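Q: Take this structure, written in structure tokens, and hold onto it; I'll ask about it next.
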Amino acid sequence: MTYVTNPMPAQIAGSLLEKAARAETATIGHRRHMGFVDKAVQCVLPGRRIAGTAVTLAIPGQDSTLLHHIIQFLRPGDVLVIDRLGDLKHACLGGGVAAAIKATGCAGVVIDGPCTDVPEIEELDLPVWCRGTSPITTRLYNIGGSFNVPIACGGAVVMPGDVVLADFSGALVMPPSEAEADIDWALGKAAVEPEGHKRLLAGEKLGERTGASAMVMAKQQG
């Protein structure tokens, strides 16, 4: 296997990222179906929320040579999304790699595989979404890998330059051409939810509010 390294993608406009950082993945999940990373990929540091430009990396199981090389290209506002090509055993990110990534200003990392050294990640305050932890780490075997190519992360297709939004519910990836409409919709929904919750607490029936009760009654037998 050889290395494929492509140029860095154009970064998402700051105005869109500012809105994205205020939206919740679960709210967008009321409207959108594509782009959600497998729910097993969760943040190792509770309460973190990030939005940024996808920078993609695919590295084979035991080898993280290319990861060490490409960290120097990461920019503030980027989110490094790593396809582990099916490997769930080897942790490619620990304390040293986390420190190097943190120094670039990168917004966070999403890994379709495990990490290690959680206390050091917490000390560095680097937001990392991954499939739990592993004590078995990658090595510099110089096998190969690909940088800024289309990848898969937790079943989601990720293109360099996509919008990445990750929070306490999980991670979501959206093409820039589709992201703003879904983010605006989510922010609008979030703005009216508190009033709706008050009405439910005051006794309004959820089935009547959503129309579910009318649907059931229309098909009810007997």
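Q: Take region 1-12 and flag every residue that is modelled with pLDDT of 95 or more, part of a loop (DSSP other than H, G, I, E, B) and out of contact with any Asp or Glu (no Cβ under 9 Å at 6 or more places or on another chain).
A: Once the filter is applied, which keeps residues that are modelled with pLDDT of 95 or more, part of a loop (DSSP other than H, G, I, E, B) and out of contact with any Asp or Glu (no Cβ under 9 Å at 6 or more places or on another chain), region 1-12 yields ASN6, PRO7, ALA10.
Q: Between a first residue in region 3-23 that is surrounded by 13 or more Cβ atoms within 10 Å (Cβ to Cβ) and a second residue that is in a loop (DSSP other than H, G, I, E, B) and among the polar types (S, T, N, Q), which pairs have beta carbons less than 8 Å apart while being 6 or more apart in sequence or on different chains?
A: Filtered contacts from region 3-23: THR5/ASN148; MET8/ASN148; PRO9/ASN148.
Q: Hey, another quick one. Let me confirm something: among VAL41, VAL37, which residue is buried (at least 24 other Cβ atoms within 10 Å of the Cβ), within 15 Å of the chain's Cα centre (by Cα) and touching a residue at least 24 places away in the same chain (Cβ under 8 Å)?
A: Every option except VAL37 fails the conditions.
Here's the yes/no breakdown for (1) of a type in the set (Gly, Ala, Ser); (2) at positive phi:
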site: GLN72; (1), (2): no, no
site: ILE101; (1), (2): no, no
site: ALA107; (1), (2): yes, no
site: THR116; (1), (2): no, no
site: ASP125; (1), (2): no, yes
site: TRP129; (1), (2): no, no
site: ILE143; (1), (2): no, no
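Q: Please work out which residue is farthest from ILE70 (Cα to Cα), limiting yourself to region 119-171 and to residues that are surrounded by fewer than 23 Cβ atoms within 10 Å (Cβ to Cβ) and among the charged types (D, E, K, R).
A: Applying the filter and picking the extreme gives ASP167.
Q: Need at least 2 residues that are of a type in the set (Phe, Trp, Tyr), in contact (Cβ under 8 Å) with a residue 60 or more places away in the chain and outside the structural domain of VAL41 (by TED's automatic domain parsing) per element, so show me which helices (runs of 4 or more DSSP H) inside region 127-222 make the cut, counting only ones lying wholly within it.
A: Fully inside region 127-222 and qualifying: nothing.
Q: Do we have CYS115 as closer than 21 Å to THR25 by Cβ, in the same structural domain as ILE136 (by TED's automatic domain parsing), in contact with a helix residue (DSSP H, G or I) (Cβ under 8 Å, 6 or more places away or on another chain) and not acidic (Asp, Glu) here?
A: yes
Q: Do we find a residue being under 24 Å from ALA179 (Cβ atoms), among the small types (Gly, Ala, Ser) and assigned to a loop (DSSP other than H, G, I, E, B) anywhere in region 56-76?
A: no
Q: Is region 51-71 home to any residue that is farther than 28 Å from GLY144 by Cα, surrounded by 22 or more Cβ atoms within 10 Å (Cβ to Cβ) and in contact with a strand residue (DSSP E or B) (Cβ under 9 Å, 6 or more places away or on another chain)?
A: Scanning region 51-71, I find at least one residue that is farther than 28 Å from GLY144 by Cα, surrounded by 22 or more Cβ atoms within 10 Å (Cβ to Cβ) and in contact with a strand residue (DSSP E or B) (Cβ under 9 Å, 6 or more places away or on another chain), so the answer is yes.
Q: Can you confirm whether region 68-85 contains a residue that is under 13 Å from ASP112 (Cα atoms) and either outside the structural domain of GLY154 (by TED's automatic domain parsing) or over 14 Å from the mean Cα position of the chain (by Cα) (or both)?
A: The answer is yes; a qualifying residue exists.
Q: Suppose we filter region 90-118 for residues that are more than 15 Å from LEU74 (Cα to Cα) and either modelled with pLDDT under 95 or exposed (fewer than 14 other Cβ atoms within 10 Å of the Cβ) (or both); how many remain?
A: Residues flagged as more than 15 Å from LEU74 (Cα to Cα) and either modelled with pLDDT under 95 or exposed (fewer than 14 other Cβ atoms within 10 Å of the Cβ) (or both) within region 90-118 amount to 1.
The values are calculated or read from the model by the stated rules, or taken from the named source; none is laboratory data. On a predicted model such as this, the values are computed, not experimentally measured, just so you know. Reconstructed Cβ throughout: ideal geometry from the backbone, glycine too, with neighbour counts over all protein chains shown.
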